[in-house]
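The values are calculated or read from the model by the stated rules, or taken from the named source; none is laboratory data. Everything numeric in this text was worked out from a predicted model, so none of it was measured. Neighbour counts are summed over all protein chains in view; Cβ atoms, including those assigned to glycine, are modelled from backbone coordinates with ideal geometry. Heavy atoms of the whole protein, side chains included, go into the accessibility calculation; ligands, DNA and RNA do not. Shrake-Rupley method; radii C 1.70, N 1.55, O 1.52, S 1.80 Å.
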Amino acid sequence: MAAFGSGAFGALPRSGPAERVAISGGGLCGWLAACLLARHLPHLRIVVHPASADEETRPDRSLGVPLAAEVLLPGDLEHIAAAGLRGGDLIRHCRGSFMLGTALTGWRAAGGPAFVPFGEIGAPLGPVPFHQIVAAARARGHDVNMANYALGALCAQTGRFAPPRSDDASVLSTLSFGLAVESDALRRLLRDDALAHGVQHGEAVADPASLCAAADLVIDARGAPEAWSENGGEQGGEDWSALMPFDRALVAKRAEPGTPPPPPPPYAHLSALAEGWQGFVPLAGAMTETLVFAAAAPPAEVTGALPEAHRLAPGRSAAAWQGAIVRMGAAAQQHDPVAGLQLHLALADVVRLIALFPANADCAVEAAEYNRQWRERSDCAFDYTVLRLARNGAKGAVWDRLRAAALPHRTAYRHDLYAANGRIALHDGEVFETPGWVMQFEALGIRPRRPDALAMTVPDMAITAHFEAIRKAMLAGVAKLPPHGAVLAEVCA
Amino acid sequence: MANSALAAAEGGHPGAGEGAQAPVGSVVIVGGGTAGWMTAAALANRLAGLPVTITLVESDEIGTVGVGEATVPHIRFFNARLGIDEADFMRRTNATFKLGIEFVNWGRKGDSYIHPFGAHGEPIEGVAFHHIWARYRRAGGTEPIEAFSLPVLAARENRFAHPAPDPASLLSTYSYAYQFDAALYAAYLRSYAEKRGVRRIEGRVIAVDQDGESGQVRRLTLDDGREIGGELFVDCSGFRGLLIEQTLKTGYADWSHWLPCNRAVAVPCASAGPLSPYTRATALDAGWQWRIPLQHRTGNGHVYCSSYISDEAAAETLLARLDGAPQAEPRFLRFLTGKRHRQWNRNVVAIGLSAGFLEPLESTSIHLIQLGIGFLMDLFPTREWDPMLAREYNRLMDLEYERVRDFLILHYHATERADTPFWNYVRTMRVPDSLAERMTAFRERGIVVNYRDGMFLDASWVAVYAGQGIVPRRSDPRAEGLSDAGLFIKLASLREDYARMAGELPQQARFLEMIGARMDMRAPEGVA
Ligand SMILES: Cc1cc2nc3c(=O)[nH]c(=O)nc-3n(C[C@H](O)[C@H](O)[C@H](O)COP(=O)(O)OP(=O)(O)OC[C@H]3O[C@@H](n4cnc5c(N)ncnc54)[C@H](O)[C@@H]3O)c2cc1C
């Protein structure tokens, strides 16, 4: 509507009480909050206080494990754009590389590596979802690789990718992508942007509670506490170490050799090891690596490096927002980073706070709703992470123990329902929709015992034709795309 | 079924699995009301191609409840999936379009608002419109939120046209449903289902045999001695719950302490005035009255709580308030609000009034039937009867029922009325925590607590909150920062846009003619 074009209120004076926000912790989480709050709520006065005088020299644990690279999921990029930050800047300044999904090796007992792409898989046939059609085809003896019908997987295989143009009506418009970024570079980018939007540096303060006197709202972004049950003396924190048993992480980044270095592959890679797991997230010109294991039973090759390993303490606090203090990122919850959700969860916290930002000091209602949504998202991330760790086909004693462990009711229910008939039970606060769950189950080697009855009504010939049509359209679309490296080079030029 | 022979000729169902892996091969539906025939039609359509026989038993002697005439927009997807032509269907069921429900006397006596099938206003700079509106009201603005809704403005002038497909147009900001003659709709679906191979048996079920070991229902015996065996039984027998309750003793969650109305009296009357594209729900002393305009008559009823008013007084009140001559004797109905503990129990799935009852304040029953049918399709059982299917079905239906329940309670609880014992009770009763938290969040900060599953989205909650006098005390800080002058200018121009657009739509009666949906005067019974 013309009368309501963007910026209709841009010139109007703003009134209302000045809001003072103090952020404790100048890591990635703290500056992410500072930057987005400053851009969305320009009336705020925001000060970022380091958690210690030497914070800059310590590993940044504000999101959890101080990974060298973090991943923004497809939906996250919309939040970044809504704040007015440009994806191109992230690529230029943070060695950004497009992400189409994750290749998983060693997570299922039989069959080779699997690819878990972002976005849709195939296309439904009338009322029948694609994965049920696949189940029906398999029940009739056909061998189907679901990833062959995911655009993201085809792009990853061929190394071709470009963000779809908004006017593209072809199959390419369904392409869903995230972005890998160098963690520290992202922190600096957000910090500089926040400072340019009026955020101030404050002095180092160890205890966020002491900031309450001079602020209406305090954000605790210092990372995970030593133990969840003793988190600032609070009751009801949860310790997740029984289902997320790995407590050490080694992180590394190495430059890719060659001038110019080879273009980064547009996907992450995750291998199950006998004692834990290893992840690789590519950046432009560099490869980052994470090795996660238990201190009690480390892989033989890392024993020398044990002292350098970062501690990982999965769990969460009883409530993220208590009184005038909002714990964000790993200060509120820490998951095993096997699902790559650290940055996503922190960003979700910030976006939620913006939507629920209190209008005055009495914020019990906002806090209650924030905590409800935070817990829902946390539960969903928990289920996704725990199923990856405890319902896979990986080889090793630790995996055998995990597979034997009892799961919380809801987590087990998701697995059991899918294993029964391929239905995905979705809840409020979900990180992934049906395709994300289906592809995770595929990658773990879990298949429905029987196909859906409706899918069985589709004649074989119709299924074959449907598969062929999808594949043909996708291959034609992918062939039109430039190599991933060329697109990155163009953005950076 | 007709299509199964074809599928077999094409190579059958090699993967359908033998024995336990195969989908059940025979479905028996008990009941031929709206629930029974909707189920039969949908199964016949969606299971075409599977070797399944579908049988429906109904008793002319018992009959159907026969009410249930107002719907919600989801019914259009149900009809579309069956391939039903809109104009044809409307003609044969004397249907009208429905843009929403007008609520009269709910928040306070003398109040009126319409809960439309569409959102109010539009977000401004990323801030939901209700925050902007609340800010405007606190600054002294007087327009109700419905002044910023195209479907409400159109409905109030009896205008209607199909929404526009172009999302940039204001004419795309609403959806619509139908008001139809329930008996004609059931008959319409019956002919659809019978054409597609559903076998109909007339007779009264007098005995039900269960498997000694599993407790599953095996066989029905009719009053004339005929026996009907089956694998999956869908109980559409209405309030009595012939299989789910009388046979399986599933148990019922009683919600009447929150929704105390437990009776209704219904009577059709002659149409009067222009054909309105909305249902009206008028709050009365011990309940409320519905008015559903169809092409050939108006459906009316009084839903009430027997602790506060007698049947005679309820009928009298209704008859005194009709806007046309009554066309039949008043019919009395009794019900208990709540739901079965498990709507899928063993091999019986209860759909319709047998599954539970939520009063027709928001026309939700037919939608709950539709949802049940959809979930049953998605979770269609095989002979192994995997218990996960029933668990998931019950989980999904429980969520829907509870969320509709909370939404209905809101209508009674968000009131200032203190003029009768009935209103004093509902105004002061303790509501479910799930609802109390929602109401607080909206009242204090304009937060609309939303969810993934559940038929009523944010816009519906906002419509009822705002319509019943809950204006948030605080808004989103981004709305708080706006200047009064700018706000008033913007909202005034927005209101004019909506009013102008609404004024350009045709009268509904005219529109029905334009699309060929005017009822067929020649053959009212001619449902083929
Ligand atoms: C007052 C009132 C107003 C309503 N208004 C609305 C509304 O506006 N919108 C809406 O969506 N819904 C409304 N409803 C709900 C709606 O009427 C029902 O959901 C709908 O009619 C479905 O009913 P049914 O098919 O489950 O049961 P019924 O119509 O009762 O049908 C039961 C069937 O089972 C058969 N049967 C029962 N016992 C036996 C037996 N022993 N042997 C053989 N057959 C048997 C009967 O013959 C009949 O065919 C309203 C309900 C009430 C009570």
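Could the peptides A:119-129, A:383-393, B:414-424 be put in order, highest first, of the mean number of other beta-carbon atoms found within 10 Å of their residues?
Sorting A:119-129, A:383-393, B:414-424 by mean packing, highest first, produces A:383-393, A:119-129, B:414-424.
What is the sum of charges around B:Thr415, taking Lys and Arg as +1, Asp and Glu as -1, for the other residues whose C-beta is under 9 Å from the C-beta of B:Thr415? Working shown, then result.
Details: positive: B:Arg108, B:Arg417, B:Arg427; negative: B:Glu416.
Result for the local shell: +2.
For A:Gly64, what residues show an amide H to amide H distance below 5 Å, using hydrogens built from the backbone and excluding near sequence neighbours?
Sorted by chain and number, the residues that satisfy this are A:Ala224, A:Ala330.
Around B:Ala168, what is the net charge, scoring Lys/Arg as +1 and Asp/Glu as -1 over all other residues with Cβ under 14 Å from its Cβ?
Result for the neighbourhood of B:Ala168: -3.
Comparing the chain by itself with all protein chains present, which residues of segment B:405-451 are at least 50 Å² less accessible (probe 1.4 Å)?
Residues meeting the cut-off: B:Arg445, B:Ile447.
So if we plug the beta-carbon distance of A:Ala465 and A:Ala213 into 1/(1 + (r/R0)^6) with R0 = 60 Å, what FRET efficiency do we get, rounded to 0.05?
0.30
Once every Cα of segment B:263-334 carries one equal point scatterer and solvent is ignored, give the base-10 log of I(q)/I(0) from the Debye formula at q = 0.13 Å⁻¹, two decimals.
Cα-only, vacuum Debye calculation for segment B:263-334: -0.33.
Under 5 Å between amide H atoms, partner at least 5 residues away or on a different chain: which partners does B:Ile201 have, H built in plane at 1.01 Å?
It is B:Leu56, B:Val57, B:Glu58, by chain and number.
To check you understand DSSP bridge types, tell me what percent of the beta bridges within the protein assembly as shown (both residues inside) are antiparallel, rounded to 5. Could you put the intermediate results ahead of the total?
Details: 93 of 132 bridges.
So the antiparallel bridges amount to about 70 percent of the total.
Using only Cα atoms, tell me the angle between helix B:311-320 and the longest principal axis of chain B; keep it within 0 to 90° and round to the nearest 10.
Taking the Cα atoms of chain B, the angle to B:311-320 is about 60 degrees.
If you add up the charges near A:Leu454, with Lys and Arg at +1 and Asp and Glu at -1, over every other residue whose beta carbon is less than 13 angstrom from its beta carbon, what do you get? It would help to have the intermediate numbers written out before the result.
Details: positive: A:Arg423, A:Arg450, B:Arg46, B:Arg81; negative: A:Asp452, B:Asp378.
Neighbourhood net charge equals +2.
Go through segment A:197-213 residue by residue and turn each phi into a ³J(HN,Hα) via Karplus (6.51, -1.76, 1.60, θ = phi - 60°); whole Hz please, and just put x for glycine and proline.
So the Karplus estimates, Gly and Pro as x, are 9, x, 5, 10, 7, x, 7, 5, 9, 7, 10, x, 4, 5, 7, 4, 4 Hz.
Mind ranking B:233-239, B:298-304 by how tightly packed they are, going by the mean number of other C-beta atoms within 10 angstrom, highest first? Don't skip to the answer; put the middle values down first.
On the way: B:233-239: 27.0, B:298-304: 25.4.
So the peptides B:233-239, B:298-304, ranked by packing, come out B:233-239, B:298-304.
With every protein chain left in place and a probe of 1.4 Å, what is the accessible surface of A:Ser173, to the nearest 10 Å²?
A:Ser173 has an accessible surface of roughly 60 Å² with all protein chains in place.
Just tell me how shielded B:43-50 is by partners: mean number of partner chain Cβ atoms within 10 Å of each residue's Cβ, no decimals.
Numbers: counts 0, 0, 1, 6, 4, 1, 6, 4.
Across the residues of B:43-50, the mean count of other-chain Cβ atoms within 10 Å is 3.
Relative to the first principal axis of the alpha-carbon coordinates of chain A, what is the inclination of helix A:183-196, with its axis defined by its Cα atoms, in degrees from 0 to 90 and to the nearest 10?
40
Which parts of segment A:445-477, residue by residue, lose 40 Å² or more of accessible area when the rest of the protein chains are there, as against the chain isolated (1.4 Å probe)?
The answer is A:Arg449, A:Arg450, A:Ala453, A:Leu454, A:Met456, A:Thr457.
Quick one: what are the phi-derived ³J(HN,Hα) couplings along segment B:396-406, Karplus 6.51/-1.76/1.60 with θ = phi - 60°, whole Hz, x for glycine and proline?
For segment B:396-406, the Karplus-derived couplings read 5, 5, 4, 4, 4, 4, 5, 6, 5, 3, 4 Hz, x marking Gly and Pro.
How would you order A:286-296, B:319-329, B:128-138 from highest to lowest mean count of nearby Cβ atoms within 10 Å?
Values: A:286-296: 19.1, B:319-329: 12.3, B:128-138: 23.7.
Most protected by this proxy first, the peptides run B:128-138, A:286-296, B:319-329.
Dipole size in debye (nearest 20) for chain A around its Cα centre, Lys and Arg Cβ +1, Asp and Glu Cβ -1? Could you put the intermediate results ahead of the total?
On the way: 42 positive and 50 negative charges, 250 e Å.
Value, rounded to 20: 1200 debye.
Please give the total accessible area that chains B and A bury against each other, computed with a 1.4 Å probe and expressed in Å² to the nearest 100.
On the way: alone 21440 and 21170 Å², together 38050 Å².
Using a 1.4 Å probe on protein heavy atoms, the buried area is about 4600 Å².
Quick one: dipole size for chain B, taken about the Cα centre, charges +1 on Lys/Arg Cβ and -1 on Asp/Glu Cβ, in debye to the nearest 20. Before the final figure, lay out the partial values.
Details: 56 positive and 62 negative charges, 141 e Å.
Rounded to the nearest 20 debye, it is 680 debye.
Roughly what would the spin-label model give for B:Asp166 and B:Arg334, points 7 Å off Cα along C-beta, in nm?
For B:Asp166 paired with B:Arg334, the spin-label model returns 5.8 nm.
Excluding ligands and nucleic acids, what accessible area in Å² is computed for B:Leu353 using a 1.4 Å probe, to the nearest 10?
Roughly 40 Å² of B:Leu353 is accessible to a 1.4 Å probe.
Using a 1.4 Å probe on the protein heavy atoms, what percent of the accessible area of chain B belongs to carbon and sulfur?
Details: 9710 of 19190 Å².
Carbon plus sulfur share of accessible area: 51 percent.
List residues of segment B:156-186, by number, whose backbone nitrogen lies under 12 Å from a label position 7 Å along Cα→C-beta of B:Arg76.
Within reach of a label on B:Arg76: B:161-166, B:172-178.
Hey, got the average number of other protein chain Cβ atoms within 10 angstrom for residues in A:421-434? All intermediate terms of the calculation are to be shown ahead of the outcome.
On the way: counts 9, 1, 7, 0, 5, 2, 4, 7, 2, 1, 0, 0, 0, 0.
The per-residue average across the peptide is 3.
Under 5 Å between amide hydrogens, which residues at least 5 positions from A:Arg160 or on another chain qualify, with H placed 1.01 Å from N in the peptide plane?
Excluding prolines and chain starts, which carry no amide H, the hits are A:His484.
With heavy atoms of protein chains only and a 1.4 Å probe, what residues of segment B:106-128 have at least 30 Å² less accessible area in the full set of chains than alone?
In segment B:106-128, residues shielded by partner chains: B:Glu122, B:Ile124, B:Glu125.
Report the label-to-label distance for A:Ala405 and A:Glu433 in nanometres (one decimal), using points 7 Å from each Cα along the Cα→Cβ vector.
Here the answer is 3.1 nm between the modelled labels.
Given Cβ point charges of +1 (Lys, Arg) and -1 (Asp, Glu) and nothing else, what value in debye, to the nearest 20, does the dipole of segment A:115-168 about its Cα centre take? Numbers along the way, then the final one.
Values: 4 positive and 4 negative charges, 33 e Å.
Around 160 debye, computed over segment A:115-168.
Set Lys and Arg Cβ to +1 and Asp and Glu Cβ to -1, take the dipole of segment A:15-492 about its Cα centre, and tell me which of A:Ala213, A:Cys380, A:Val487 lies farthest positive.
My answer, from the dipole projection, is A:Val487.
Would you mind getting the accessible area per residue of segment A:15-492, heavy atoms of the protein chains only, 1.4 Å probe, in Å²?
Numbers: 17870 Å² over 478 residues.
Spelled out: the 1.4 Å probe surface of segment A:15-492, per residue, equals 37 Å².
Could you work out the pair-distance distribution P(r) of segment A:15-492 from its alpha-carbon pairs, with 10 angstrom bin width and percents rounded to whole numbers?
All Cα pairs, binned at 10 Å, distribute as 4, 20, 29, 26, 15, 5, 1, 0 percent.
Against the 2.2 N^0.38 Å scaling, with N counting residues, where does the protein assembly as shown land? I'd like the Cα-based Rg ratio to two decimal places. Working shown, then result.
Numbers: Rg = 30.5 Å, N = 1021, 2.2 N^0.38 = 30.6 Å.
Here the Cα radius of gyration is 1.00 times the empirical estimate.
Helix A:364-390 sits at what angle to the longest principal axis of chain A, using alpha carbons and giving 0 to 90 degrees rounded to 10?
Its long axis makes an angle of about 40 degrees.
Can you list the HN-Hα couplings for segment B:510-516, worked out from phi with the Karplus curve (6.51, -1.76, 1.60; θ = phi - 60°), rounded to whole Hz and with x for Gly and Pro?
5, 5, 4, 5, 4, 9, x
Counting only heavy atoms of the protein chains, get the accessible area per residue of segment B:263-334 (1.4 Å probe) and round it to a whole Å² value. Before the final figure, lay out each step's value.
Details: 2800 Å² over 72 residues.
Accessible surface, normalised per residue, equals 39 Å².
How much of the accessible area of chain A, probe 1.4 Å, is carbon plus sulfur, in whole percent?
Working: 10450 of 18850 Å².
About 55 percent, which is the carbon plus sulfur part of the accessible surface.
How big is the accessible area of A:Asp54 in square angstrom, nearest 10, if you roll a 1.4 angstrom probe over the protein chains?
70
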